[in-house]
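The values are calculated or read from the model by the stated rules, or taken from the named source; none is laboratory data. Quantities reported herein were computed from a predicted structural model and do not represent experimental measurements. Methodologically, a virtual Cβ is constructed for each residue, glycine included, from the backbone with ideal geometry; neighbour enumeration extends over all protein chains shown.
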């Protein structure tokens, strides 16, 4: 099918719009993921979503709610375990993600003939974006953007020095768990488009690339959003024209931005 | 000097994993006083600060800051400036020195300032600690001493009545330490605010403080620096020591082989 012709289909436009919204939301969240060293957490939560997919597949439920609940449970569990300082954060993530992944694989394997569906979730799919996903993504993007603008100074203080923020009298636990929950919800929603294996990259690369261009946090966030947005839309168009998984194309665009920023960035 | 206590600690005990970290510690800090809290590493100094800041709540005894229990009330927080122990910021965090100092004006309950007022506060605080030349430098490009001055400026920008400093000279080279101490002495004279400075290094604090409190799980001394004896140092640090007095500075010197 011709490229231009493809663009006239509703599901393709839906996918591009979803990618754009995802770009904005991930661009903002990416700043906090990079600065709070939550990259492994992002990957961990994403991989553990296989458990949510497994539950949905086994009981023939829609995937969204089991995946969302898994994401929130896993990120909260990791935060809770880490807070007790008995296990380091990376170990807590490693243990939780392995347990959830193993659980998910067992559940999926109990239901024969779902290998193809699991692949869709691992690599993402253009066709998987439904109108209700778009609404959910729109609400989430709005929530993340408005919160970031409204509480920017407080979030910046928290990202820079969480203990200092606690000393200044702010409810740091609420901020930490709020951020982890938003991250979890974002990963659950983004999973359909970019896939479990690559969603973590979307939450790390934009801000990491933007960090090479400015030493002002506000500018880094705007650049991060810009890089994520261009990569999301560009990657989506690339995947349509080359008939490749959307997630992979988007991540390759992001990696290109990172490479160019590393070479030409003002702060190298 | 007004004798109203800003900080009051009475019979403070704190343990961690069934091990005593603080045992029956009592002292008070009066308005305008500069208290040097000294003692060896692991002696419980930072724990005292964390309790004063409401970050540790599982203690026995009475602790009040501005007359209230720290963890139960947040009103006092805007009156306190804190310079934390060697801080591990996220690497290459994209903020300039001015952004960091501005954070000090945003404690919960702090007055709402206009953009100009906030900018003036930031510039004043940086000038007070001699850090104006770094105002537009990214924090990660500053040396240990420069960064520490910026953090002191952050603590001062909220115009606190009480300043708590935890090992402010650790990680700062010898020259930077001297400069930092000179600035601490200078702004202390200018501001006359109440200060509690925690350090393991007696030499750092003796010329600046009105009183010293020597802590190693228990409080071994709490008086004027010129009353500090080798015996008190030996009790607190657990090693033989002699005191050398020069220019009002009281460093401790170890005189025989020992094990800490």
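Taking strands (runs of 3 or more DSSP E) that fall entirely within the range B:14-80, which contain at least 1 residues that are on the phi > 0 side of the Ramachandran plot?
On the way: elements: B:19-30, B:34-38, B:60-65.
Fully inside the range B:14-80 and qualifying: B:19-30, B:60-65.
Results for (1) touching a helix residue (DSSP H, G or I) at 6+ places or on another chain (Cβ under 8 Å); (2) part of a loop (DSSP other than H, G, I, E, B); (3) under 23 Å from residue B:52 (Cα atoms); (4) at pLDDT below 85, shown as yes or no for each residue.
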position	(1), (2), (3), (4)
B:85	yes, yes, yes, yes
B:98	yes, no, no, no
B:101	yes, no, yes, no
B:105	yes, yes, yes, no
B:112	no, yes, no, no
B:121	yes, no, no, no
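Just to be sure, is residue A:215 touching a helix residue (DSSP H, G or I) at 6+ places or on another chain (Cβ under 7 Å) and either crowded, with 18+ Cβ neighbours inside 10 Å or not in a helix (DSSP H, G or I) (or both)?
On the way: touching a helix residue (DSSP H, G or I) at 6+ places or on another chain (Cβ under 7 Å): no; either crowded, with 18+ Cβ neighbours inside 10 Å or not in a helix (DSSP H, G or I) (or both): yes.
So residue A:215 fails the test.
State yes or no: is residue A:75 closer than 30 Å to residue B:16 by Cα, within 15 Å of the chain's Cα centre (by Cα) and in a loop (DSSP other than H, G, I, E, B)? So residue A:75 fails the test.
Apart from one condition, residue B:259 fits all of (1) touching a strand residue (DSSP E or B) at 6+ places or on another chain (Cβ under 7 Å); (2) assigned to a loop (DSSP other than H, G, I, E, B); (3) at pLDDT below 75; the exception is (1). All of (1) within 23 Å of residue A:146 (Cβ to Cβ); (2) under 16 Å from the mean Cα position of the chain (by Cα) hold for residue A:252 with one exception: (1).
Listed here are the residues, each with its yes/no results for (1) under 26 Å from residue B:90 (Cα atoms); (2) more than 14 Å from every other protein chain (Cβ to nearest Cβ); (3) touching a helix residue (DSSP H, G or I) at 6+ places or on another chain (Cβ under 8 Å); (4) without any contact (Cβ under 8 Å) to a residue 24 or more places away in the chain.
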position: B:134; (1), (2), (3), (4): yes, no, yes, no
position: B:163; (1), (2), (3), (4): yes, no, yes, no
position: B:169; (1), (2), (3), (4): yes, yes, yes, no
position: B:178; (1), (2), (3), (4): no, yes, no, yes
position: B:191; (1), (2), (3), (4): no, yes, yes, no
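Considered as a group, the residues in the range B:202-216 that are part of a strand (DSSP E or B) and touching a helix residue (DSSP H, G or I) at 6+ places or on another chain (Cβ under 8 Å) include one that is farthest from residue B:44 (Cα to Cα), and that residue is B:211.
Kindly establish whether residue A:68 is under 16 Å from residue A:180 (Cβ atoms) and either free of Cβ contacts under 8 Å to residues at least 24 places away in the same chain or surrounded by 14 or more Cβ atoms within 10 Å (Cβ to Cβ) (or both). Don't jump to the end; show me each part of the working.
Values: under 16 Å from residue A:180 (Cβ atoms): yes; either free of Cβ contacts under 8 Å to residues at least 24 places away in the same chain or surrounded by 14 or more Cβ atoms within 10 Å (Cβ to Cβ) (or both): yes.
When the stated conditions are applied, residue A:68 passes them.
Taken as a whole, the condition of being assigned to a helix (DSSP H, G or I) and crowded, with 20+ Cβ neighbours inside 10 Å does not apply to residue A:94.
So for the range B:90-113 (the condition being touching a residue at least 60 places away in the same chain (Cβ under 8 Å) and more than 8 Å from every other protein chain (Cβ to nearest Cβ)), does at least one residue qualify? Taking every residue of the range B:90-113 in turn, none turns out to be touching a residue at least 60 places away in the same chain (Cβ under 8 Å) and more than 8 Å from every other protein chain (Cβ to nearest Cβ).
Out of the residues in the range B:57-89 that are within 25 Å of residue B:171 (Cα to Cα) and under 17 Å from the mean Cα position of the chain (by Cα), state the one that is farthest from the other protein chains (Cβ to nearest Cβ). The qualifying residue farthest from the other protein chains (Cβ to nearest Cβ) is B:86.
Determine whether residue A:84 is touching a helix residue (DSSP H, G or I) at 6+ places or on another chain (Cβ under 9 Å) and either under 22 Å from residue A:245 (Cβ atoms) or surrounded by fewer than 23 Cβ atoms within 10 Å (Cβ to Cβ) (or both). Judged against the criteria, residue A:84 is not a match.
For the range B:139-152, indicate whether the set of residues that are more than 30 Å from residue A:39 (Cβ to Cβ) and within 14 Å of chain A (Cβ to nearest Cβ) is non-empty. Scanning the range B:139-152 turns up at least one residue that is more than 30 Å from residue A:39 (Cβ to Cβ) and within 14 Å of chain A (Cβ to nearest Cβ).
When you check residue A:233 against the structure, is it under 26 Å from residue A:73 (Cβ atoms) and either touching a helix residue (DSSP H, G or I) at 6+ places or on another chain (Cβ under 8 Å) or surrounded by 24 or more Cβ atoms within 10 Å (Cβ to Cβ) (or both), yes or no? Give the steps one after another, and end with the answer.
Details: under 26 Å from residue A:73 (Cβ atoms): no; either touching a helix residue (DSSP H, G or I) at 6+ places or on another chain (Cβ under 8 Å) or surrounded by 24 or more Cβ atoms within 10 Å (Cβ to Cβ) (or both): yes.
When the stated conditions are applied, residue A:233 does not pass them.
Exactly one residue among A:228, A:209, A:148, A:190 is modelled with pLDDT under 90 and either away from chain B (no Cβ under 12 Å) or not in a helix (DSSP H, G or I) (or both), and that residue is A:190.
Within the range A:155-167, the presence of a residue that is away from chain B (no Cβ under 14 Å), touching a helix residue (DSSP H, G or I) at 6+ places or on another chain (Cβ under 7 Å) and in a helix (DSSP H, G or I) is excluded. The set of residues in the range A:43-65 being under 17 Å from residue A:180 (Cα atoms) and surrounded by fewer than 24 Cβ atoms within 10 Å (Cβ to Cβ) consists of A:43, A:47.
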